[in-house]
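**Q** Structure in structure tokens, see below.
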Amino acid sequence: MRISKTVCLSVFVLALGVVTAAAAEHTWVGNISESTCGANHQKGAEHGSKTRSDHDCVLACIKNGGKFVFVHTGKVYNIENQNFAALTEHAGHTVRLKGDLKDDTITVSSIVMPAKKK
């Protein structure tokens, strides 16, 4: 049995499409936190007697060497592109995040506040 070049090329293109689809962008809703607190962010507890907003707490921990992370349903994901501008803007917020996931690390492509429920 002889297989034509067209059939082989078609199978290759189809396989490539499956691999590409597997690496497709995903969307999650969760919180922008930082690596020190992760999913267990406690307002003010890490800062002595100072009570800070979630936003200010995350930024203070980032300034002290922490890394931005994304918390979705209790699981903490690393963020590959730490310089993504919207991370600072949305630190401590619940957001809708889009990006590519590889192992436990997300490369972020978009961060927006989720629509308010009516």
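The values are calculated or read from the model by the stated rules, or taken from the named source; none is laboratory data. Here the structure is a predicted model, which means the values were calculated and not measured. Reconstructed Cβ throughout: ideal geometry from the backbone, glycine too, with neighbour counts over all protein chains shown. Just so you know, the surface numbers come from the protein's heavy atoms only, side chains and all, with ligands and any DNA or RNA stripped out. Shrake-Rupley method; radii C 1.70, N 1.55, O 1.52, S 1.80 Å.
**Q** What pairs can you find where one residue is in region 81-98 and closer than 16 Å to GLY38 by Cα, the other is of a type in the set (Asp, Glu) and surrounded by 14 or more Cβ atoms within 10 Å (Cβ to Cβ), and their Cβ atoms are less than 6 Å apart, with a gap of 6+ or different chains?
**A** GLY92/ASP54
**Q** Output the residues belonging to region 54-81 that are closer than 13 Å to ILE111 by Cβ and assigned to a loop (DSSP other than H, G, I, E, B).
**A** Scanning region 54-81 gives a single hit, ASN81.
**Q** Could you list, in sequence order, all residues of region 102-112 that are farther than 14 Å from ASN83 by Cβ and exposed (fewer than 15 other Cβ atoms within 10 Å of the Cβ)?
**A** LYS102, ASP103, ASP104, SER110, VAL112
**Q** Restricting attention to region 83-92, which residues are open to solvent by 60 Å² or more (accessible area, probe 1.4 Å) and in a loop (DSSP other than H, G, I, E, B)?
**A** ASN83
**Q** Give me the residue from region 34-74 that is farther than 18 Å from HIS93 by Cβ and modelled with pLDDT of 90 or more and, out of that set, least open to solvent (accessible area, probe 1.4 Å).
**A** GLY65
**Q** Checking ALA24 against (1) open to solvent by 80 Å² or more (accessible area, probe 1.4 Å); (2) modelled with pLDDT under 85: exactly one of these is not met. Which one?
**A** Here ALA24 meets the rest and fails (1).
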